[in-house]
1. Taking only the range A:82-94 into account, find how many residues are facing chain C (nearest Cβ under 7 Å) and surrounded by 21 or more Cβ atoms within 10 Å (Cβ to Cβ).
2. Only one residue in C:A169, C:A115, C:A163 is within 25 Å of A:G93 (Cβ to Cβ) and within 14 Å of another protein chain (Cβ to nearest Cβ). Which one?
3. Within the range A:142-151, can you find the residues that are within 12 Å of chain C (Cβ to nearest Cβ) and touching a Leu at 6+ places or on another chain (Cβ under 6 Å)?
4. I'm trying to understand the selection: among the residues of the range B:90-114, which are aliphatic (A, V, I, L, M), touching a helix residue (DSSP H, G or I) at 6+ places or on another chain (Cβ under 7 Å) and in a helix (DSSP H, G or I)?
5. Across the range A:161-203, which residue is surrounded by the fewest Cβ atoms within 10 Å (Cβ to Cβ) among those that are touching a Lys or Arg at 6+ places or on another chain (Cβ under 8 Å) and outside any strand (DSSP E or B)?
6. Might you check whether a residue that is in contact with a strand residue (DSSP E or B) (Cβ under 7 Å, 6 or more places away or on another chain) and more than 21 Å from A:G109 (Cα to Cα) occurs anywhere in the range C:147-157?
7. Taking C:L123 as meeting all but one of (1) more than 10 Å from every other protein chain (Cβ to nearest Cβ); (2) surrounded by fewer than 17 Cβ atoms within 10 Å (Cβ to Cβ), write down the number of the exception.
Amino acid sequence: MPILVKGLKMLQMRNVNAYYGRVQALKGISLHVLPGEIVCLIGANGAGKTTILRSISGLLDVLDGEIRFNGTRLTDLAPDQIVRLGISHVPEGRQLFGPLTVIDNLRLGAYQRYRRSNRSQIQKDIEYVFQLFPLLEARASNLAGTLSGGEQQMLAIGRALMSRPKLLLLDEPSMGLAPMVAREIFEVIKDLREGGTTILLVEQNARMALSLADRGYVLETGKIIIEGPSAELLENREVKRAYLGKGRKGFFE
Amino acid sequence: MGAKNRISLGVLVGGLVLLPLFMRNPYYIGVMVFIGLYSLITIGLSLLMGYAGQISLGHAAFFATGAYTSGILTTKAGFAPVPAFFTAILLTACVAFLIGIPTLRLKGHYLAMATLGFGQIVYIILNASVEFTGGPSGFGEIPRIQLGSILIESQISRYCLVWSLVILVLIFSLNLINSRVGRALRSIHGSELAANAMGVNTSKHKIQVFVLSAIYASMAGSLYAHFVTFISPSSFDLKFSILVVTMVVVGGMSSVWGALVGTFLLGLLPELLRNFRDYDILVYGFVLLLIMVFTPEGLIGLIDRLKGAQEKRSLKAQAKLS
Amino acid sequence: MGGSGILQLIFSGITIGSIYGLVAVGFDIIYNCTGIINFAQGEFVMLGGMIMISLVGAADLPMWISFPIAVFAVTLIGALFERLCIHPLKKPSILTLIIITIAASILFKGGAMFAWGKQTFSLPHFSSERPISIFGATILPQTVWILGFIAVVVLLLAFFFKATMVGKAMRACAANRSAASLVGVNVKEIVLLSFALSAAIGAVAGIIIAPIALMDYERGMILGLKGFSAAVLGGLGNPVGAVVAGFLIGIVEALCAGLLSSHYKDAVALIVLLAVLFIRPSGLFGSLEASRLKKF
């Protein structure tokens, strides 16, 4: 992993507007991610969190504004070119290749690298993913569609890691998972950060996300309404009222 | 019927009345007769494709049902042409209804293939049941239409008959589009799910339009049989079904007028392509491909788009001035 | 008609059915990658046969050289078609796509008529024409060639899809296109490849059938329709089902022609097509659940 100069912005969005048909999904979004950070996006359903990730990874064309990654403009690039730059997106709902085996899903994660680097490197990375998620190794030759929800999430993260990303976009990794499993996933996310991966995290469970992240942005109907370090947000009255209500106990308490 | 439609209709009728005064050559009047026959079919197809969003690659079958029913009834069962015309409509409507019920449950590619398959089956039957249809060589001596004391034999009398029918069909269709049924149809094209949710019985409306477009095709078929007095399967093959769809698409699926524009253009094209002989099919394919790749909404859509761009420009210019 | 007569019909059904199966596989490959039914699929078969006949007949090249050249030429045509007609489209409707592939099939047909005229051509058999006798029925050596080529194509395809990275990427595209682009698969490249691949398969079908079925510029349409019937009967998007369904349709068709009436032979596949579409659109081998996701 290359050592990155602290303080240089890795990802920067400036005044991004995006539409789904006629509905404006993003209204002038500006945010940044520094190397080595975990940044989380919180907000209600439909606030635009997933849309931000989709516009970064090129799945959604933005109308105007600018998205830069280590200085390179992303706005005109196709998703596969963005992967090559070092961004990997774990989409909402896993989006695995159901009819393919677990190991093939992982190999496809390294699709871009098959033409350039040698296969033993890729094999090593597969072993690394199996180290992170030992459950996957046992199911290596099963079809991805037959995995349990937790295993599918692990595979989705593992597949994304196979492209050796500098920036990992994680969309709702805990969605639909039992608390135990969710905690396991979050442990791995912590490990990844310690390994030097920068992470932009979307999470419904605001307390869990903020307890992990360095900074956060709070979204409402396509706009960023509050931003700041996680500790500050956890104390913010507005955030507390709307997103950290009594019923929303986190798993790290 | 909106003012715009009334004006267009007036222009069309005026043009049709004036045309024979300037164009004395019976050959060209004959070309116009055929464009009229095609128009009957394409008006129905444009209702089906543009308004109900359904495709049919089997309309040659309905055209054939009309032609063969009229032909067989008048030559072998002693019917007069007019009763045969209406019997053909009835029969075609029944066939369309029966085939429409299962077919229109399908969508997109499946619907296209199912209608195409149906058209081919009819084509095979026309060729194979020799004792009724004369097989591949067809049959002739179909009587001409007698309306009162007028025998429809000259090109100009055919011209009057077919275009009167086209105008009637056009008025009926325009009224239909602007009725409750028309709005329901447009909602099907938009989103069938939404239409269903709003309480529109989409499958009923789809079948109604399908049957209506088959009836129009049957009318064209009957007239065709009595005009040329000889029919054989080769006039009712897949190429014909594709040709009428092409006419609708080239003109623009979004309105009946588009279908008419397309029918005129592609109806006149063979006259312009005389030197190409059989290779006109290459030109058809090429025109169709160009239109679909560059302006899928057809020529009418292209004109609308150019107009829209101009309006925007003039709006901008006005904004700058003020 | 005795047992050997029936057997004879079944043999000829298997021969022609294997061609339907190959055409159907071509439909499936493009459908899986793009959701498009390529109405021009049959024209690839016709072009393969016609180009091969020209190379062998007019250019006097040996079969084994002409074969790859013909396949390559049709592959190129398929790829060009995708680049020029499918690639430039922005969010096309299904109606647009249907009409575009129909227009392409008209163009291919017209081009073939321009190049070869309206005559019917035939290709010499790959080896001797002396029939081989099996259980009282006879088969032509060309039938053995056809079945051999089908086996090779199916094995190659199985290897390609199961064991190569590009093949897996194609399956990934079929399973989930946006996810495939997120792992770095260039989806547009895969779409191009799917057109090239199914053109190549169509060309092979056209070449191996040419010696026993005459070829002319109009041959593509009916082969395409029957191939599509096989694809639907096998469950659209299921290549294994397609091959099996191809054999079934071929056999039923041959039996119908031999026992009932040869006039209605060509209607068999179409009636099967309509019956499947009306009764069970997911086909024989498609699961109902998977079919719910498709756009009927």
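1. Residues that pass the stated criteria total 3.
2. Just one listed residue meets the conditions, C:A169.
3. A:A144, the sole residue that qualifies.
4. B:L91, B:A93, B:V95, B:A96, B:I99, B:I101, B:L111, B:A112, B:M113, B:A114
5. Checked the range A:161-203; the qualifying residue surrounded by the fewest Cβ atoms within 10 Å (Cβ to Cβ) is A:R164.
6. Within the range C:147-157 (the criterion being in contact with a strand residue (DSSP E or B) (Cβ under 7 Å, 6 or more places away or on another chain) and more than 21 Å from A:G109 (Cα to Cα)), the answer is no, since none of the residues qualifies.
7. Against the list (1) more than 10 Å from every other protein chain (Cβ to nearest Cβ); (2) surrounded by fewer than 17 Cβ atoms within 10 Å (Cβ to Cβ), C:L123 comes up short only on (2).
Residues checked against (1) modelled with pLDDT of 85 or more; (2) more than 9 Å from chain B (Cβ to nearest Cβ); (3) in a helix (DSSP H, G or I):
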residue: C:G220; (1), (2), (3): yes, yes, yes
residue: C:I249; (1), (2), (3): yes, yes, yes
residue: C:A257; (1), (2), (3): yes, yes, yes
residue: C:V268; (1), (2), (3): yes, yes, yes
residue: C:A275; (1), (2), (3): yes, yes, yes
residue: C:L284; (1), (2), (3): no, yes, no
residue: C:S291; (1), (2), (3): no, yes, yes
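The values are calculated or read from the model by the stated rules, or taken from the named source; none is laboratory data. Note that the coordinates shown come from a computational prediction; the quantities given were computed from them, not determined experimentally. When we count neighbours, we look across all protein chains shown, and the Cβ atoms used for this are built from the backbone with ideal geometry, even at glycine.
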